[in-house]
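Derivation of every value follows stated rules applied to the coordinates shown; laboratory data play no part. Being a predicted model, the structure only gives us computed values, none of them experimental. When we count neighbours, we look across all protein chains shown, and the Cβ atoms used for this are built from the backbone with ideal geometry, even at glycine.
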Amino acid sequence: MSGHDCPRPRPRPRRGISLIEAAFSLALVGGVLVASLTTYGAATRARHVRHDARIGDRLARDLLHEILQAQYREPDDPAIWGREAGETAADRSTWDDLDDYDGWSQSPPENRLGATLTGYDGWQRSARVVPMNVTPSTMTEGAATDTGVRKVEVTVTSPRGETHTSSAVRCDLAGLEQPPMLDRAYVSHVAYTLQVGPEVAERVSGSVNCINLRPPAPETTP
């Protein structure tokens, strides 16, 4: 054994991260972040689209049911296409036949009595009524004369510019065109508004036509 101490091994210098490795790591993290944000953005847009589609469907069906409960033709005044004297675009409560709604639009939406529907700022509803060409196998728009069949189409436009359309076909021999058996007032249209909780966004409005006309139930005193 030698009396001299053995030399200690020199520690190896620690190897740092090179500039290339740092740049690659940043690029990798950035790519993952961009992909995550893209996925999140697509999911958010899809959620907004589904939400707007539900609202658009409700608003379109509400107006479509309102139009369908009107008479096929003007019941009182001489028949002309469009609104007759005394019927204005600002007051739908006086409209009584289908073609009164042709070419009409409104934003924000209102109910038939002129009250603004809460929570639908920026939404627009429009309607058109067109005579139909009818054959045993086809039905197309653009009839030159009234064939007894009309198409009613309602288009709803969201604040983001997306549109939703609902349509139906009415003929002049439908149930609503038949006179009631008794000369008295009948309930032909029922509108409703439902809301769950305090959020206006959860409010649902709609309406339905009463095809089988019955007199209103007599009032009873409790």
Quick check: pseudo-label points 7 Å beyond the Cα along Cα→Cβ at E162 and D121, how many nm apart are they? 2.1 nm
Between T147 and S105, what's the calculated FRET efficiency when r is the beta-carbon distance and R0 is 35 Å? Round to 0.05. 0.85
With a point put 7 Å past each Cα toward its Cβ, work out how far C171 is from A85 in nm, to one decimal. 3.5 nm
Interatomic Cα distance distribution for region 41-179, bins of 10 angstrom, percent: 11, 38, 31, 15, 4, 0
